[in-house]
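Visitor: Have a look at the structure that comes next, please.
The values are calculated or read from the model by the stated rules, or taken from the named source; none is laboratory data. Bear in mind the structure is a predicted one, so any value in this text is a computation, not a measurement. When we count neighbours, we look across all protein chains shown, and the Cβ atoms used for this are built from the backbone with ideal geometry, even at glycine.
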């Protein structure tokens, strides 16, 4: 590699690594504390017992913020980070004693192909991707559509225990991940690769709380039993934090067991090591192993490929990490010797994971005048099920000099299950020695 190329690589790495931030508290506690502990009322009028901290999440809502955090952690820390393989693939020609390109395509970015690097060939590179998560189970995270309800702690069967606090969540959460990778051809058909993600996560949560005076009503005397500072029935509470660090390391082995011109079949084994800080949403806290079947074939300027994989996850003290089934299917398109376009459909099924579903629940109360009443609410209730995530990714790889490739892609979410980032841009490079 020339000095000029080396300088370009170093500069690119410096630009891709996110700036470091520090969490004021563990990010995994931020949302739970905000909803369960931070919403407090003003002191009551003289003659009434203090209700400042009497509103607590109901039976369903005690679990809801924690499960919301679990889904957030699970998806942030297992988001696909691209394939740690290079765009150049070589085969050794014994008749000439030289290495030849195995295909004209530079390959996809988020899927893998059966081709290997080639004996003794080393590829290094980096990918940067930025995700801003804007919905949860189809509800916007920007405008308070995600709601939680706090009920009054039972302190003796008093009428005012029928009031509720509605907490409307506005959440800004984003992740910036720079993945440094290296892939080495041990033999003509066997590669070893490693991926090191450097992750920056930022959260800014605001809860707009409203007292629903179902029992105390609007009578000035009884309404003042439950009020925020200043006597109003509305108040906002906020917590924010960020964290940076190494995510969960990836170690990959790939063996091509069936060779065809420009493709074949290969088996891959990935190990995800729990090196990321799960308390700050940088990793899962659990080891995982993925077994993959990889197939690809070149037909002139078109090279279709598919990946099918299953991941078994270990235990984590921070979050329940589900097993998952994945597929990736797509094709590369060689437009000229220096440009390869690709498009892929990415599917993930997180098996038997705990999810939150909106369910109609009934809240009963008795008014200050002794009249019974009820209200139907839509609350998040825990349920087990499979979380299916579907994305499409498209972009290209560009040979700008020698064996240096630049890539640009975008991931687009096709459904709104779980915590969703609608668009995720991805940029990177790789160089093969």
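Visitor: Taking the range 298-325 as the search range and keeping residues that are assigned to a strand (DSSP E or B) and under 24 Å from residue 385 (Cβ atoms), which one is modelled with the lowest pLDDT? Steps first, please.
Guide: Residues of the range 298-325 that are assigned to a strand (DSSP E or B), as a first pass: 299, 302-313, 324-325.
Going one step further and asking which of them are under 24 Å from residue 385 (Cβ atoms), we end up with 308-313, 324-325.
On the way: 308: 97, 309: 95, 310: 97, 311: 94, 312: 93, 313: 87, 324: 92, 325: 95.
Top of the filtered list is 313.
Visitor: Would you be able to tell me the number of residues in the range 212-232 that are touching a helix residue (DSSP H, G or I) at 6+ places or on another chain (Cβ under 9 Å) and surrounded by 17 or more Cβ atoms within 10 Å (Cβ to Cβ)?
Guide: Residues flagged as touching a helix residue (DSSP H, G or I) at 6+ places or on another chain (Cβ under 9 Å) and surrounded by 17 or more Cβ atoms within 10 Å (Cβ to Cβ) within the range 212-232 amount to 7.
Visitor: Tell me which of these residue 294 doesn't satisfy, since it passes every other one: (1) in contact with a helix residue (DSSP H, G or I) (Cβ under 7 Å, 6 or more places away or on another chain); (2) buried (at least 21 other Cβ atoms within 10 Å of the Cβ).
Guide: Of the numbered conditions (1) in contact with a helix residue (DSSP H, G or I) (Cβ under 7 Å, 6 or more places away or on another chain); (2) buried (at least 21 other Cβ atoms within 10 Å of the Cβ), the odd one out for residue 294 is (1).
Visitor: Here's another thing I want to ask about it. Confirm whether residue 192 is within 30 Å of the chain's Cα centre (by Cα), in a strand (DSSP E or B) and surrounded by fewer than 17 Cβ atoms within 10 Å (Cβ to Cβ). If you could, list the steps in order and put the result at the bottom.
Guide: On the way: within 30 Å of the chain's Cα centre (by Cα): yes; in a strand (DSSP E or B): yes; surrounded by fewer than 17 Cβ atoms within 10 Å (Cβ to Cβ): yes.
Considered against the rule, which asks whether it is within 30 Å of the chain's Cα centre (by Cα), in a strand (DSSP E or B) and surrounded by fewer than 17 Cβ atoms within 10 Å (Cβ to Cβ), residue 192 comes out as yes.
Visitor: Another question about this same structure. Got at least one residue in the range 150-163 being out of contact with any helix residue (DSSP H, G or I) (no Cβ under 6 Å at 6 or more places or on another chain) and within 20 Å of residue 415 (Cα to Cα)?
Guide: No, because not a single residue in the range 150-163 is out of contact with any helix residue (DSSP H, G or I) (no Cβ under 6 Å at 6 or more places or on another chain) and within 20 Å of residue 415 (Cα to Cα).
Visitor: Sort out which residues of the range 14-27 are at pLDDT below 80 and either assigned to a helix (DSSP H, G or I) or surrounded by fewer than 20 Cβ atoms within 10 Å (Cβ to Cβ) (or both), and write them in order of number. Spell out the reasoning first.
Guide: Step one: filter the range 14-27 for residues at pLDDT below 80, giving 14-25.
Selection gives 14, 15, 16, 17, 18, 19, 20, 21, 22, 24, 25.
Visitor: Ok, one more. Would you check if there is a residue in the range 346-356 being over 19 Å from the mean Cα position of the chain (by Cα) and assigned to a strand (DSSP E or B)? Walk me through how you get there before you give the answer.
Guide: Start the filter on the range 346-356 by keeping residues that are over 19 Å from the mean Cα position of the chain (by Cα), which leaves none.
Taking every residue of the range 346-356 in turn, none turns out to be over 19 Å from the mean Cα position of the chain (by Cα) and assigned to a strand (DSSP E or B).
Visitor: Hey, another quick one. How many of the residues making up the range 233-248 are buried (at least 21 other Cβ atoms within 10 Å of the Cβ) and not in a strand (DSSP E or B)?
Guide: The number of residues fulfilling the criteria is 2.
Visitor: Would you confirm, using the coordinates I've provided, whether residue 207 is within 30 Å of residue 135 (Cβ to Cβ) and either touching a helix residue (DSSP H, G or I) at 6+ places or on another chain (Cβ under 7 Å) or outside any helix (DSSP H, G or I) (or both)? Please lay out each step first, then the result.
Guide: Numbers: within 30 Å of residue 135 (Cβ to Cβ): yes; either touching a helix residue (DSSP H, G or I) at 6+ places or on another chain (Cβ under 7 Å) or outside any helix (DSSP H, G or I) (or both): yes.
Judged against the criteria, residue 207 is a match.
Visitor: Of the numbered conditions (1) modelled with pLDDT under 90; (2) part of a strand (DSSP E or B); (3) surrounded by fewer than 23 Cβ atoms within 10 Å (Cβ to Cβ), residue 157 satisfies every one except a single condition; which is it?
Guide: Of (1) modelled with pLDDT under 90; (2) part of a strand (DSSP E or B); (3) surrounded by fewer than 23 Cβ atoms within 10 Å (Cβ to Cβ), only one is false for residue 157: (2).
Visitor: If you don't mind, another one. With the condition being at pLDDT below 85 and closer than 30 Å to residue 257 by Cβ, I'd like the strands (runs of 3 or more DSSP E) fully within the range 28-135 carrying at least 2 qualifying residues. Spell out how you get there, then give the answer.
Guide: On the way: elements: 55-57, 90-93, 98-101, 122-133.
It comes to 90-93, 98-101.
Visitor: Take the conditions surrounded by 19 or more Cβ atoms within 10 Å (Cβ to Cβ) and at pLDDT 90 or above and apply them to residue 340. Does it pass?
Guide: Working: surrounded by 19 or more Cβ atoms within 10 Å (Cβ to Cβ): yes; at pLDDT 90 or above: yes.
So residue 340 fits the description; yes.
Visitor: Now, a different point. Touching a helix residue (DSSP H, G or I) at 6+ places or on another chain (Cβ under 6 Å), in a strand (DSSP E or B) and either in contact (Cβ under 8 Å) with a residue 24 or more places away in the chain or under 21 Å from residue 149 (Cα atoms) (or both), is that true of residue 329?
Guide: Numbers: touching a helix residue (DSSP H, G or I) at 6+ places or on another chain (Cβ under 6 Å): no; in a strand (DSSP E or B): yes; either in contact (Cβ under 8 Å) with a residue 24 or more places away in the chain or under 21 Å from residue 149 (Cα atoms) (or both): yes.
No, not satisfied.
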